[in-house]
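So the structure is just underneath, and the comments pick up after that.
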Amino acid sequence: MTTINLDYAGRTYAPNAAYSVGREKLREFAAAVGATHPAHHDVDAARGSGYPDLVAPPTFAVVVAQRAEAQYLQDEAAGVDFSRVVHADERFTHHRPIVAGDELVTVLHVDSLVARAGITLVTTRCEIHAAGADGTPGELVSTVVSTLAVRGEDA
Amino acid sequence: MTEHAVATPDLGSLEVGQQIGTREVVVDRARLVRYAGASGDFNPIHWNERVATQVGLPGVIAHGMFSMGSAVALVEDWAGDPGRVVDYQTRFARPVPVPDPGAATLVVTGVVGALDAEAGTARVDLTVAVEGVRVLAKCQAVVRLV
C-alpha cells in the first residue's frame, strides 16, 4: 500500500510518442459504443460532410489520453493504487474533431491532487495536439480533463 | 443508412426545454468485453466477477466511459454530424452493475439545456438512467450549430 504523493500536483510531462488514428480503430470504437453515424464508418460520407476522413466519436479521445495518463498513473512513486480508484468525472473539449490519419502527441498535466475526508481527487489534463513535421506538438486538437477519486487505506 | 440523413437543427428554431429524443442501450458482459478491447481499458472490474467483488463492488460494473460514450450517440444523430459535438462532460454518479446472465439497460434522454446565439451553440443535457436511477450527472454536450 502506498499513499498518493501530493508533490506531483502541477507536474507537466514531455510530449509522448505519437498516436496514429486508424480507420479500423475508429470503426471498432464507434461500433463498441453504438455510434452508428456514417461519418464514423463510411469515408465517402465523412468527406461529404467536409472532413478529410472518418470522424472519431466524441469520447474516442479517451483512448489517446489514457496512454498519456499512464505516464503518471503507472509511476509507482506517484502512489496511485488502481484497485482504489473510481472514475469521478470526465470532460472532452474538441477544438476540431479527431479524424483518421491524424498523428497525435499528448502533453499530460497533473492539474491538482486534493485530499479530503479519506479520498484524494486526482485531476489530470491531456492536451492532444496534431504532431508537427518534427514530431513536436502542433495544432491543439482536443483537451481531456479527467478526475479520479482514490480511496485512502482506511476508507 | 437513410435514418441518418438528418439535417442539422436550426439554432434559431430551438427552445430551451425542447426534447431531442430518447434511446435505450442494452449492455451485457459481452458488450463490456467489446468496449474493453476497443478502448484499451482492461480494468478487470469490468469483466471479472471475482476481482470486482474482491474490491467491494456488487459485481462486474460497466465502464463509466462506456455509458458516457454510448449516451452521446443520441446527440450526434440529432446534430446530423458527430463533428459538431465540441464539448462533452459528465460526472459518474453511480456504478452500473451488469448481471450475468442478463443485461442492464441505459435509458438516455436529451433536452436542450441552453442556447448561445453568439457562440452558435446549443447545450444538450442528457439524462442517463438505469431502472429510473440516474447513473451520470451533469451530462452535457455542447453542439456547434452554425
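The values are calculated or read from the model by the stated rules, or taken from the named source; none is laboratory data. Everything numeric in this text was worked out from a predicted model, so none of it was measured. Heads up, the Cβs are rebuilt from the backbone with ideal geometry, glycines too, and the neighbour counts pull from every protein chain shown. To get the accessible areas, we keep the full protein, side chains included, count just its heavy atoms, and leave off ligands, DNA and RNA. Shrake-Rupley method; radii C 1.70, N 1.55, O 1.52, S 1.80 Å.
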### Query
Does region A:20-35 contain at least one residue that is within 14 Å of chain B (Cβ to nearest Cβ), assigned to a loop (DSSP other than H, G, I, E, B) and closer than 19 Å to A:ILE128 by Cα?
yes
### Query
Limited to region A:68-85, what total is found for residues that are surrounded by 17 or more Cβ atoms within 10 Å (Cβ to Cβ) and within 10 Å of chain B (Cβ to nearest Cβ)?
2
### Message
For the condition free of Cβ contacts under 8 Å to residues at least 12 places away in the same chain, aliphatic (A, V, I, L, M) and at negative phi, what is the one hit in A:VAL86, A:VAL114?
### Response
A:VAL114
### Scope region B:1-57; condition surrounded by fewer than 11 Cβ atoms within 10 Å (Cβ to Cβ), farther than 27 Å from B:ALA117 by Cβ and over 22 Å from the mean Cα position of the chain (by Cα); matching residues
B:THR2, B:ARG50, B:GLY56
### Message
Whether any residue in region A:95-108 is surrounded by 22 or more Cβ atoms within 10 Å (Cβ to Cβ) and more than 30 Å from A:GLY48 (Cα to Cα) is what I want to check.
### Response
yes
### Summary
Scanning region B:39-83 residue by residue, those under 19 Å from A:PHE82 (Cβ atoms), without any contact (Cβ under 8 Å) to a residue 40 or more places away in the chain and more than 9 Å from chain A (Cβ to nearest Cβ) turn out to be B:PHE42, B:PRO44, B:HIS46, B:TRP47, B:ASN48, B:ARG50, B:ALA52, B:THR53, B:GLY56, B:ILE61
### Query
For region B:57-95, how many residues are modelled with pLDDT of 95 or more and outside any helix (DSSP H, G or I)?
19
### Of all residues in region A:36-63 being facing chain B (nearest Cβ under 10 Å) and assigned to a helix (DSSP H, G or I), the one that is most open to solvent (accessible area, probe 1.4 Å)
A:ALA45
### Task
Would you check if B:GLY132 is within 13 Å of another protein chain (Cβ to nearest Cβ) and without any contact (Cβ under 8 Å) to a residue 40 or more places away in the chain?
no
### Task
Inspect all residues belonging to region A:108-129 and state whether any of them is touching a Phe, Trp or Tyr at 6+ places or on another chain (Cβ under 8 Å), modelled with pLDDT of 95 or more and under 26 Å from A:ASP42 (Cα atoms).
no
#### Entry: A:VAL114, sole failed condition from (1) open to solvent by 20 Å² or more (accessible area, probe 1.4 Å); (2) more than 20 Å from B:ALA137 (Cβ to Cβ)
(2)
